[in-house]
Amino acid sequence: MGGVRELRGRIKSVGNIRQITRAMEMVASTKLRRFQDKAISSRPYSQEISGLVGRLAQVMGDELEGRPLFKPGAGKAVAVLLVSSDRGLCGAYNSNLFKALELWLREQPKDADIRYFVYGKKGYSYLNARKRKIERLFVEPVLEGIDYRAAARTAKDLTDVFLSGEYREVRVLSTAFESMVRYVPRWIELLPIAAKSLVGEAKDAGGDTILEPDAATIFDRLIPRYLETRLYNALIEAITSEYASRRVSMKSATDAAKEMQSALKLLYNRKRQETITKELLDIVGGVEALR
């Protein structure tokens with residue numbers, strides 16, 4: 001009966017794991033819907049402010065070239081904001097992100113000075129294990145509790161870093177949420193701002209605009225909001241992608257546990273039937289021997 005008891009214990013263990021992964025799948029689904037709503041609701045605002053900034057860029061023309069945020073920084077270092085997850089159990093979410101980072105690093109000169117700013121403990125552990133230059137780990141608030149105000153502070157910190165004179169550019173590597181089953185790593189060239197891309201964004205925003213007080217004043221006030229919005233969308237889409245990946249992973253784990261439990265039950269019933277049959281044969285053989 002040792003084999004039967006062992007199978008019974010394995011069936012119970014797999015059943016417990018299945019309950020845990022099922023619960024985690026439900027939690028991930030709930031949080032995914034919440035973050036997905038935030039990501040979708042922020043897109044119209046992002047499109048509008050991008051279109052407005054683009055129209056102002058058209059009005060200002062060559063004046064943009066002399067502004068500090070529209071030309072490469074005075075330094076040689078490159079700042080990379082890496083947006084990863086704080087926890088695991090989210091499938092290939094982090095590994096795809098790190099793969100995109102390594103592919104980009106292969107294209108850089110060997111003596112390139114790349115410094116990292118990190119959201120997420122997984123990204124910090126990955127970079128720290130490879131002795132990369134980590135300037136800062138953002139821990140307050142955690143990515144799951146990110147809001148526009150926190151994204152604005154982060155955008156200001158990165159802008160100050162860019163203007164410090166040590167950096168040439170600021171890039172963001174995060175995961176773009178495209179659908180419930182598709183989320184891909186994406187590079188964002190945050191700073192310097194490409195004037196041509198702003199003008200291109202203005203094509204989708206038609207209509208005449210009355211400017212008061214003047215284009216330059218409005219433009220200077222909108223640029224920080226523009227950077228904050230881009231970063232906020234990147235962070236929201238990253239956490240949405242993380243929970244989408246975690247939901248899929250937990251569902252796969254739940255389905256695998258269900259299949260394993262079914263296979264173990266089948267094996268258990270077969271083993272139990274063999275044991276019962278063997279005991280019956282022993283009883284019948286004993287009775288025949290007594291006769």
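The values are calculated or read from the model by the stated rules, or taken from the named source; none is laboratory data. Being a predicted model, the structure only gives us computed values, none of them experimental. All Cβ positions, glycine included, derive from the backbone under ideal geometry; neighbour counts span all protein chains shown.
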Residues in region 246-263: is at least one touching a Cys at 6+ places or on another chain (Cβ under 7 Å) and within 30 Å of PHE138 (Cβ to Cβ)?
yes
Region 208-229, subset at pLDDT 75 or above and charged (D, E, K, R), residue nearest to GLU63 (Cα to Cα)
ASP220
Yes or no: THR154 more than 30 Å from ARG33 (Cβ to Cβ) and buried (at least 18 other Cβ atoms within 10 Å of the Cβ)?
no
Condition first: loosely packed, with under 12 Cβ neighbours inside 10 Å and under 16 Å from the mean Cα position of the chain (by Cα). Now tell me which residues in region 115-151 satisfy that.
GLY145
Can you tell me which residue among VAL4, VAL59, VAL14 is β-branched (Val, Ile, Thr) and over 30 Å from THR275 (Cβ atoms)?
VAL59
Contact list please: Cβ distance under 8 Å, first residue in region 89-118 and under 12 Å from VAL184 (Cα atoms), second residue among the hydrophobic types (A, V, I, L, M, F, W, C) and surrounded by fewer than 16 Cβ atoms within 10 Å (Cβ to Cβ), pairs at least six apart or on different chains.
ASN96/VAL184; ALA100/TRP187
Yes/no for ALA28 being surrounded by 14 or more Cβ atoms within 10 Å (Cβ to Cβ), assigned to a helix (DSSP H, G or I) and either in contact with a strand residue (DSSP E or B) (Cβ under 8 Å, 6 or more places away or on another chain) or among the β-branched types (Val, Ile, Thr) (or both):
no
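This table checks each residue for (1) among the charged types (D, E, K, R); (2) out of contact with any Phe, Trp or Tyr (no Cβ under 8 Å at 6 or more places or on another chain); (3) not in a loop (DSSP other than H, G, I, E, B).
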residue: ARG55; (1), (2), (3): yes, yes, yes
residue: GLU63; (1), (2), (3): yes, yes, yes
residue: LEU69; (1), (2), (3): no, no, yes
residue: ALA79; (1), (2), (3): no, no, yes
residue: LYS99; (1), (2), (3): yes, yes, yes
residue: TYR116; (1), (2), (3): no, yes, yes
Picking from GLY75, GLY54, the residue that is modelled with pLDDT under 85, crowded, with 16+ Cβ neighbours inside 10 Å and in contact with an Asp or Glu (Cβ under 6 Å, 6 or more places away or on another chain) would be GLY54
Can you find a residue that is without any contact (Cβ under 8 Å) to a residue 40 or more places away in the chain, of a type in the set (Asp, Glu) and within 19 Å of LEU32 (Cβ to Cβ) anywhere in region 184-191?
no
Residues of region 101-114 being of a type outside the set (A, V, I, L, M), outside any loop (DSSP other than H, G, I, E, B) and surrounded by 12 or more Cβ atoms within 10 Å (Cβ to Cβ), in sequence order, are TRP104
